[in-house]
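The values are calculated or read from the model by the stated rules, or taken from the named source; none is laboratory data. Note that the coordinates shown come from a computational prediction; the quantities given were computed from them, not determined experimentally. Ideal geometry is used to build each Cβ from the backbone, glycine not excepted, and the neighbour counts take in all protein chains shown. Ligands, DNA and RNA are excluded from the accessible area calculation, which covers all protein heavy atoms including side chains. Shrake-Rupley method; radii C 1.70, N 1.55, O 1.52, S 1.80 Å.
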Amino acid sequence: MAVPVGVFDPLPMFRQGVVAVLSAAGYDADDPEDVVAWAGRASTGVVLLTLGTEQDWQLLGRLHERTQTAVVALFDEVDAVTAARALRAGARSVLPRQVTAAALCRTVEATLDGQAVLPSNTAAVLAAGEATGEPVEAMPSEQQRIWLLRLAKGTTVARLSVEAGYSERAMYRLLQALYEQMGVEGRMQAIIRAQARGWLR
């Protein structure tokens, strides 16, 4: 009997593409409207759940509380802190949405076998946090460190957005996500922490 896999994503084309890939690989893939009810009916199986909004995170919590179905969390962009949050909220594996079909199938198979598939930086952050007992703090990517360096040198967010190729609004969102990733409340704290960690060299 084919293993059931439910796909929950805001984009119909993405859902249909993933369902087609998994169906071709031999899974009983579906994109149910009520994924919690679907998961409750499936004794075994996997839910692929894209996390983007607060409602998506609440859905992950309901799946974890009410069903035994394993969840693979999908993100547009995966950073270690957000991935760790997904694992703590009940996801078993974490993947970027732009993953290849082969990697998606390998992850579903591994998750069904009781394994966790995560980005290596997430595993490193989790291991470091567990080993030290300190709050989890992810080191910014090279691009993020460049942004912090430019801000430390007095570049405005408006100018930084032009240099980075984002709208000013998107740049503010990216920087806010970076501050959360670093465990700080704003730009000045982020710059001070980055300097203290030696990330601005």
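I'd like the full set of residues that are under 20 Å from the mean Cα position of the chain (by Cα) and modelled with pLDDT of 90 or more, limited to the stretch 37-54. If you could, list the steps in order and put the result at the bottom.
Kept after step one, since they are under 20 Å from the mean Cα position of the chain (by Cα), are these residues of the stretch 37-54: 46-54.
The answer is V46, V47, L48, L49, T50, L51.
For the stretch 78-94, a residue qualifies if it is free of Cβ contacts under 8 Å to residues at least 40 places away in the same chain and open to solvent by 10 Å² or more (accessible area, probe 1.4 Å), and the qualifying residues are R85, L87, R88, A89, G90, R92. For the stretch 18-40, a residue qualifies if it is of a type outside the set (S, T, Y), farther than 19 Å from D56 by Cβ and surrounded by 12 or more Cβ atoms within 10 Å (Cβ to Cβ), and the qualifying residues are A20, V21, L22, A25, D28, A29. Six or more apart or on different chains, Cβ atoms under 6 Å: show the pairs whose first residue is in the stretch 49-77 and on the phi < 0 side of the Ramachandran plot and touching a residue at least 40 places away in the same chain (Cβ under 8 Å) and whose second is part of a strand (DSSP E or B) and polar (S, T, N, Q). Between residues of the stretch 49-77 that are on the phi < 0 side of the Ramachandran plot and touching a residue at least 40 places away in the same chain (Cβ under 8 Å) and residues that are part of a strand (DSSP E or B) and polar (S, T, N, Q), the close pairs are V72/S93; L74/T50.
Does the stretch 144-176 hold any residues that are farther than 17 Å from D76 by Cα, open to solvent by 80 Å² or more (accessible area, probe 1.4 Å) and basic (K, R), and which are they? Across the stretch 144-176, the qualifying residues are K153, R159, R169. Among the numbered conditions (1) within 19 Å of the chain's Cα centre (by Cα); (2) open to solvent by 40 Å² or more (accessible area, probe 1.4 Å), the only one that G61 does not meet is (2). Selection of the stretch 18-35 for residues being free of Cβ contacts under 8 Å to residues at least 40 places away in the same chain and either out of contact with any strand residue (DSSP E or B) (no Cβ under 9 Å at 6 or more places or on another chain) or not in a helix (DSSP H, G or I) (or both) yields A24, G26, D28, A29, D30, D31, P32, E33, D34. Scanning the stretch 82-96 for residues being part of a helix (DSSP H, G or I) and among the aliphatic types (A, V, I, L, M) gives a total of 5. Kindly indicate whether any position in the stretch 79-89 is basic (K, R), closer than 30 Å to Q181 by Cα and out of contact with any His (no Cβ under 7 Å at 6 or more places or on another chain). Yes.
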